[in-house]
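*Asks:* Below you will find the structure I want to go over with you.
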Amino acid sequence: MSIPIYSLVAYSNTGKTTFLEKLLPELTARGLRAAVFKHDAHEFQVDREGKDSWRMTRAGAAVTVVASETHSAFMENRYVPPETLIARITDVDIILTEGYKHGPWKKIAMSRRANGKPLPLPPEECFAVVTDEEVEADVPVLGLEDAAELAELICRDMGWNGPADP
């Protein structure tokens, strides 16, 4: 069975990361193990200049892996389609993406009055809408502080009844 994926989509500076910081504890409190996959439209930097892994990448490694007893990072120093990366995620109950409004996953559109930008997608293309504005929609419309309510909607949509017994 594939892992359910929900994409939080919005324009920059809408508060996607802040909302996910509220949503994740709500999902984990319900027993879900979550993965987050963030889209970055800019050239992000995972490594720090001068570190061994940075040096290996700079020397030409197509893939650089760093691992310890508590963390690991698998850096692809080339384009990898999002679907390929998502397929590598295992041992979680849900994947949340930040971005990917054109991806094939259920969308949670977000807007914030203060940044003056509209919803990134029409509400009818979404699973839910999170906003501080009035929106006409046939899908649930939640406020910017309604992470617990969104967690409940997601759990119901997934048919989640809590973790399976080991």
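All of the numbers you see were taken from the coordinates with simple rules; none came from a lab. The structure presented is a predicted model; accordingly, all values stated were derived computationally and were not measured. Don't worry about glycine lacking a Cβ; one is built from the backbone with ideal geometry, like all the others, and counts go over all protein chains shown.
*Asks:* Order of 2-10, 49-57 by packing, highest average Cβ count within 10 Å first?
*Replies:* Ranking, from highest mean packing down: 2-10, 49-57.
*Asks:* Follow-up question, since we're still on this one. Give me the compactness ratio for the stretch 8-95, meaning the Cα radius of gyration over 2.2 N^0.38 Å.
*Replies:* Working it through for the stretch 8-95, the quotient is 1.28.
*Asks:* OK, next. Fully extended, how many nm does the chain gain between LYS38 and VAL92 (0.36 nm per residue separation, minus their Cα-Cα distance)? Intermediate values should be presented prior to the final figure.
*Replies:* Details: separation 54, 0.36 × 54 = 19.44 nm, distance 1.61 nm.
Contour length minus the Cα-Cα distance gives 17.8 nm.
*Asks:* Among the lysines, which fall within straight-line cross-link reach of LYS16, defined as a Cα-Cα distance under 27 Å, with same-chain neighbours fewer than 8 residues apart omitted?
*Replies:* Cα-Cα hits under 27 Å: LYS38, LYS101, LYS106, LYS107, LYS117.
*Asks:* While we're on this one: Residues in the stretch 1-42, backbone N under 20 Å from the label point at ALA148 (7 Å along the Cα-to-beta-carbon vector): list them, ranges by number please.
*Replies:* 18-33
*Asks:* Which listed residue (VAL65, SER7, ALA137) has the Cα farthest towards the positive end of the charge dipole for the chain, taking +1 on Lys and Arg C-beta and -1 on Asp and Glu C-beta about the Cα centre?
*Replies:* It is VAL65.
*Asks:* A further question on this structure: If one takes the longest principal axis of the Cα atoms in the chain, at what angle in degrees, from 0 to 90 and to the nearest 10, does the Cα axis of helix 16-29 lie?
*Replies:* 80
*Asks:* If one takes the longest principal axis of the Cα atoms in the chain, at what angle in degrees, from 0 to 90 and to the nearest 10, does the Cα axis of helix 147-158 lie?
*Replies:* 80
*Asks:* Would you kindly calculate the translational diffusion coefficient of the chain, applying Stokes-Einstein with the Kirkwood radius from alpha carbon pairs, for 10 °C and a viscosity of 1.306 mPa s, and quote it in µm² s⁻¹ without decimals?
*Replies:* Numbers: Rh = 17.6 Å.
Value of D from the Cα-based Kirkwood radius: 90 µm²/s.
*Asks:* Can you bin the stretch 75-166 into rounded, prolate or oblate? Criterion: square roots of the alpha carbon gyration tensor eigenvalues sorted a ≥ b ≥ c, rounded for a/c under 1.5, prolate for a/b above b/c, oblate for the rest.
*Replies:* Working: a/c = 2.32, a/b = 1.26, b/c = 1.84.
Taking the square roots of the gyration eigenvalues as a ≥ b ≥ c, the stretch 75-166 is oblate.
*Asks:* Starting with the highest mean, order 114-122, 58-66 by the number of other Cβ atoms within 10 Å, averaged over the residues of each peptide.
*Replies:* Sorting 114-122, 58-66 by mean packing, highest first, produces 114-122, 58-66.
*Asks:* Kindly state, to the nearest 0.05, the FRET efficiency for ASN13 paired with ASN161, given R0 = 45 Å and r defined as their beta-carbon distance.
*Replies:* 0.75
*Asks:* Further, regarding this structure: Compute the FRET efficiency between ALA29 and ALA59 as 1/(1 + (r/R0)^6), taking r as their Cβ-Cβ distance and R0 = 35 Å, and round to the nearest 0.05.
*Replies:* The pair ALA29/ALA59 has a calculated efficiency of 0.20.
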